[in-house]
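Asker: One structure coming up, written as structure tokens, with questions to follow.
The values are calculated or read from the model by the stated rules, or taken from the named source; none is laboratory data. Please read these numbers as outputs of a predicted model, since none were measured by experiment. Neighbour counts are summed over all protein chains in view; Cβ atoms, including those assigned to glycine, are modelled from backbone coordinates with ideal geometry. For accessibility, only protein heavy atoms count, side chains too; no ligands or nucleic acids. Shrake-Rupley method; radii C 1.70, N 1.55, O 1.52, S 1.80 Å.
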Amino acid sequence: MSGKINEQLFSAHEHALDQEQTCPKCGSELVIRNSKRGPFLGCAAYPACDYIKSLSQNDGHIVKYLGKPCPDCGCELLLRQGRYGMFIGCAGYPDCQHIESPEKKAEDTKLTCPECGKGHLIERKSRYGKVFYACDQYPSCRFAINNKPIVGECQSCGFGLLIEKKLASGTKQQCADRKCHAYQE
């Protein structure tokens, strides 16, 4: 052992010692326990009583003041760290419940969906962070492609959309129809 002291663990313990020491469910003593997610307060009567209280700060603490007004109430918007990640929230919380995602909005490619003819293709991100293009009429239209769409018509089948395909030999245009996928001249 190198003898390094984990300051975060000690501050969590000191924070826990300042709290009430009895379980609100059964009245037993609360003790500090450790899990893979860090220290927490747990009831000493466990497993008869399963009360636990987190010691981590997942309460939406402020990361940065953005200096922009809230569109609902005019208070300042704040970048906050919450239980499920970063979000933009109003400084007037709880009176104003306005929240936004810090992610950029989906970009419209201004291309009409070749499958339904009503919607437009928009840039989206998968849950793994990969960019794809899908119809904004989802779920009624499920058209989606993985490569960047290009205005044009397939020389082989006449499908109304092409995609930009990057190959080792360079960038080529390919038919966006799943049945065709012909490369264009």
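Asker: Ordered by packing density, taken as the mean number of other Cβ atoms within 10 Å over each peptide's residues, highest first, how do 111-121, 132-142 rank?
Answerer: The packing order, highest mean first, is 111-121, 132-142.
Asker: Among residues other than residue 131 whose Cβ falls under 9 Å from its Cβ, what is the net charge (Lys/Arg +1, Asp/Glu -1)?
Answerer: Around residue 131, the charge tally is +3.
Asker: Let me ask something additional. Provide the net charge surrounding residue 159, with neighbours chosen by a C-beta distance below 12 Å and charges set as Lys +1, Arg +1, Asp -1, Glu -1.
Answerer: -1
Asker: Sticking with this structure for a sec: How much area per residue is accessible in segment 39-185 when the probe is 1.4 Å and only protein heavy atoms are counted (Å²)?
Answerer: Accessible area per residue, segment 39-185: 69 Å².
Asker: May I ask which of 118/172; 118/165; 36/68; 118/148; 64/148; 68/148 have a Cα-Cα span longer than 31 Å here?
Answerer: The answer is 36/68; 64/148; 68/148.
Asker: Something else about it: Give me, ordered by chain and number, the residues 5 or more places off residue 119 or on other chains with an amide H under 5 Å from its own placed amide H.
Answerer: 113
Asker: Over segment 96-185, what percent of the accessible surface lies on carbon and sulfur atoms, probe 1.4 Å?
Answerer: 46 percent
Asker: Using a simple charge model, +1 on the beta-carbon of Lys and Arg, -1 on the beta-carbon of Asp and Glu, nothing else, what dipole does segment 84-147 show about its Cα centre, in debye to the nearest 20?
Answerer: With Lys and Arg at +1 and Asp and Glu at -1, about 280 debye.
Asker: With a 1.4 Å probe and every protein chain left in place, tell me how much accessible area residue 54 has, in Å² to the nearest 10.
Answerer: The accessible area comes out at roughly 70 Å².
Asker: Could you derive backbone 3J(HN,Hα) for segment 146-158 from the dihedral phi with the Karplus parameters 6.51, -1.76 and 1.60 (θ = phi - 60°), listing whole Hz in sequence and x where the residue is Gly or Pro?
Answerer: Per residue, the Karplus-derived 3J(HN,Hα) values read 8, 9, 5, x, 10, 5, x, 10, 5, 6, 8, 10, x Hz.
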